[in-house]
Amino acid sequence: MFLKIKNIPKVYWSSNKPLNLKPKISTFFYLCFGLVLFGLGEGLLIVSASGASPWSVLAQGLFLNIGFSVGLITIFISFLVLLLWFPLKQKIGIGTILNALIIGLMIDVCLRHVATPESYINQIILGAVAVTIVGLGGGIYLVANLGAGPRDGLMIGLQKKTNLPIALVRGTLEITVMSVGWYLGGTVGVGTLLFAFGIGPCVALSLFLVNRLFN
């Protein structure tokens, strides 16, 4: 059932509009809580050493072809994705800014305090858990409706244009990015595949659960 979700649900703590500089405390709390989970998942995926996310694979592939650092290319990709928002009529909010700050902080925390499992099986398990956490956190912060991050905003805009289920739109987007990055020379691992094929259903599941729990 959750795989058919086409819209971001609205609950009592959702903001009425993305550009809201004075949100309710509950709205701000769930925004930050969702982003902390999102960043935790991203960090655990890196720590798992099972494979980078599709967008990191794209950044790596571009690095091999144009020579700039992966970090600089990642920033460039984020700005490019934001430019794609305009024809899709997406709006920037405080969640868009906090997305980068909180997720970056949580990734650093994971890299500093969480060790990579020695067993390859445990690395894969940690990668799968990481993707699930990213999806759950993504769904929670999107329901806050205070502005999506670059990738999530692109997902929402494309969903509105195509009217396809969110899980399908996100999955197609991630698989496309992963394929381009791999073609350009980026390294694809099991964790990359788990993210590409699993993030769409995980985000949809999170939206479904939030809607059931708070409506």
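Quick note: the coordinates plus some simple rules give every number you see, no bench work behind them. Bear in mind that the values here come from a model prediction, so they are computed numbers and not experimental data. Heads up, the Cβs are rebuilt from the backbone with ideal geometry, glycines too, and the neighbour counts pull from every protein chain shown.
Here is how the numbers come out for the structure above:
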| read-out | value |
| --- | --- |
| Among 91-104, 8-21, 29-42, the order from most to least packed when residues are scored by Cβ within 10 Å on average | 29-42, 91-104, 8-21 |
| Per-residue [θ]222 nm for the chain (sum of -39500 (n - 2.57) over DSSP H runs n ≥ 4, rounded to 500) | -24000 deg cm²/dmol |
| Charge dipole (segment 70-215, unit charges on Cβ, about Cα centre) - positive-most of Gln123, Asn163, Gly135 | Asn163 |
| Label point 7 Å beyond Cα of Tyr120 along Cβ direction - residues of segment 40-69 with amide nitrogen under 20 Å | 45-53 |
| Relative contact order for the chain, counting Cα pairs under 8 Å that sit 6 or more residues apart, in percent | 41 percent |
| Only Lys, Arg (+1) and Asp, Glu (-1) charged, at Cβ; segment 1-156 dipole about Cα centre in debye | 760 debye |
| Residues with amide H under 5 Å from that of Ala52, placed H, sequence gap 5 or more | Gly189, Thr192 |
| Length released on extending from Arg112 to Val129, taking residue separation times 0.36 nm less the Cα-Cα span | 4.3 nm |
| ³J(HN,Hα) computed for each position of segment 24-30 - Karplus, 6.51 cos²θ - 1.76 cosθ + 1.60, integer Hz, glycine/proline x | 4, 4, 5, 5, 5, 4, 5 |
| Charge dipole (the chain, unit charges on Cβ, about Cα centre) - positive-most of Trp13, Ile46, Ile199 | Trp13 |
| Formal net charge of residues neighbouring Gly34 (Cβ-Cβ distance under 13 Å; K, R +1; D, E -1) | -2 |
